[in-house]
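Visitor: Attaching a single structure in structure tokens format; questions to follow.
What follows is calculated from the coordinates using simple rules that are stated; it is not laboratory data. Since we're looking at a predicted model, the values are computed, not measured. All Cβ positions, even for glycine, are placed from backbone atoms using ideal geometry, and neighbour counts span all protein chains on display.
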């Protein structure tokens, strides 16, 4: 009997359980394979005692509609940076990757499927280079992996943003307010862009296009007549102004420090008030609600396709590769290609031009 281990790492997102289910469903058709899951990414193998669970048709029954992951997940610890707390309270990290591979051999694990984003696939690549038979499945609601057209969880996050905008519009129009909605997107503005178009926002601010506060103010002013009107602004958490970009070049990490002090939504509100905006401004930070909840149909289908393809790559012995979606096919790419560059919004892209054609202001 051959044994496959499934791992989910990094942030949770809708569709993870659908991938797990698909892997198990496909593996159940091969009598010589059994599937186990590692709890909390690779940490379950490294803990004493180990935290492993059997994955079969019974254990994955009904999980298709559930958000999150039944295996748990973490972006801390891991085989290459296992955290150890010293007696003085300080934390140091040690490389336990060789030890983990030995433990997998003892457990009789023949192959691993690692479901995760950029950081997780970098771990996959490093483990593959150490000789581990491993396949990657891309996972990120930010949709920022260039090797795949879409990642599961992204469309569900966009749906959450769109529904939130729909609700904000009614209260904004009732009170003649400006609403700033801060969404996820540290480096890539895909959630903000898709959400702004789908929700009919007036302003969309993303990391790839540093904004000028005066242009944002001009757009707001155009939305009001004789004091009545409203404006919806969608801003990705990693966005920043042209001025702050220059500050970053002069002082490293100033952007991340500013965000930790209050978030881009608060910064933007302060800048608008200082620029002379008189209308009432309110801020909504969606935060982790974008990661939670039931995956929409699109993400269930994509996640299922990824799961089946990942197990078939295991059967074919094509280790060192990550599943990817290239319309209309589900393909695979090497780990090198998977993590070679981020998938960012191109300012001249079709969707940005569509947004501008709809009158959405980017402030750049």
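Visitor: Quick one: plug the Kirkwood hydrodynamic radius of segment 121-183 (C-alpha pairs) into Stokes-Einstein at 25 °C, 0.890 mPa s, and report D in µm²/s.
Guide: 166
Visitor: As an exercise, use a Förster radius of 56 Å and the Cβ-Cβ distance of residue 226 and residue 1 to find the FRET efficiency, rounded to the nearest 0.05. Intermediate results must be reported in sequence, preceding the final value.
Guide: On the way: r = 76 Å, r/R0 = 1.36.
So the FRET efficiency works out to roughly 0.15.
Visitor: Another question, then. Express as a percent, rounded to the nearest 5, the fraction of DSSP beta bridges in segment 1-159 (both residues included) that run antiparallel.
Guide: 35
Visitor: Just rank 179, 128, fewest to most, by other beta-carbon atoms within 10 angstrom.
Guide: The order, fewest Cβ neighbours first, is 128, 179.
Visitor: Whole angstrom only: what separates the Cα centroid of segment 144-168 from the Cα centroid of segment 287-321?
Guide: That distance is 15 Å.
Visitor: Then there's this: Specify whether the C-alpha gyration tensor of segment 153-229 places it in the rounded, prolate or oblate class, a ≥ b ≥ c being the square roots of the eigenvalues: rounded for a/c under 1.5, otherwise prolate if a/b is larger than b/c and oblate if not.
Guide: The shape class here is oblate.
Visitor: Report the antiparallel proportion of the DSSP beta bridges in segment 182-245 as a percent, rounded to a multiple of 5.
Guide: Values: 2 of 8 bridges.
Here the antiparallel bridges make up roughly 25 percent for segment 182-245.
Visitor: Which length gain, in nm to one decimal place, applies between residue 56 and residue 280 when the Cα-Cα distance is subtracted from 0.36 nm times their residue separation?
Guide: Separation in residues times 0.36 nm, less the Cα-Cα distance, equals 75.2 nm.
Visitor: Could you check the simple spin-label distance between residue 198 and residue 301, using points 7 Å along Cα→Cβ, in nm with one decimal?
Guide: With each label placed 7 Å out from Cα toward Cβ, I get 1.4 nm.
Visitor: Percentage of Cα-Cα pair distances in the chain greater than 30 Å, rounded to whole percent?
Guide: Here the long-distance tail beyond 30 Å is 43 percent of all Cα pairs in the chain.
Visitor: Between residue 270 and residue 356, 0.36 nm times their residue separation minus their Cα-Cα distance comes to what?
Guide: Length difference between fully extended and current span is 28.4 nm.
Visitor: So for the chain: antiparallel DSSP bridges make up what percent, rounded to the nearest 5? It would help to have the intermediate numbers written out before the result.
Guide: Working: 17 of 50 bridges.
Here the antiparallel bridges make up roughly 35 percent for the chain.
Visitor: To the nearest 500 deg cm²/dmol, what mean residue ellipticity at 222 nm is calculated for the chain from DSSP H runs of n ≥ 4 alone, each contributing -39,500 (n - 2.57), summed and divided by the residues?
Guide: -11500 deg cm²/dmol
Visitor: Do you know the relative contact order of segment 200-240, to the nearest whole percent, from alpha carbon pairs under 8 angstrom that are 6+ apart?
Guide: Values: 42 pairs, mean separation 26.1, N = 41.
RCO, segment 200-240: 64 percent.
Visitor: Distance in nm between label sites at residue 88 and residue 364, each 7 Å beyond Cα in the beta-carbon direction?
Guide: Rounded to a tenth, the inter-label distance reads 4.7 nm.
Visitor: Using Cα pairs under 8 angstrom and six or more residues apart, how large is the relative contact order of the chain, in percent?
Guide: That works out to 23 percent.
Visitor: Would you kindly state how much longer the chain becomes between residue 217 and residue 315 on full extension, computed as 0.36 nm times their sequence separation minus their alpha carbon distance, in nm to one decimal?
Guide: Length gained, residue 217 through residue 315: 29.6 nm.
Visitor: By its C-alpha gyration tensor, with a ≥ b ≥ c as the square roots of the eigenvalues, how is segment 26-97 shaped: rounded for a/c under 1.5, else prolate for a/b larger than b/c, else oblate?
Guide: prolate
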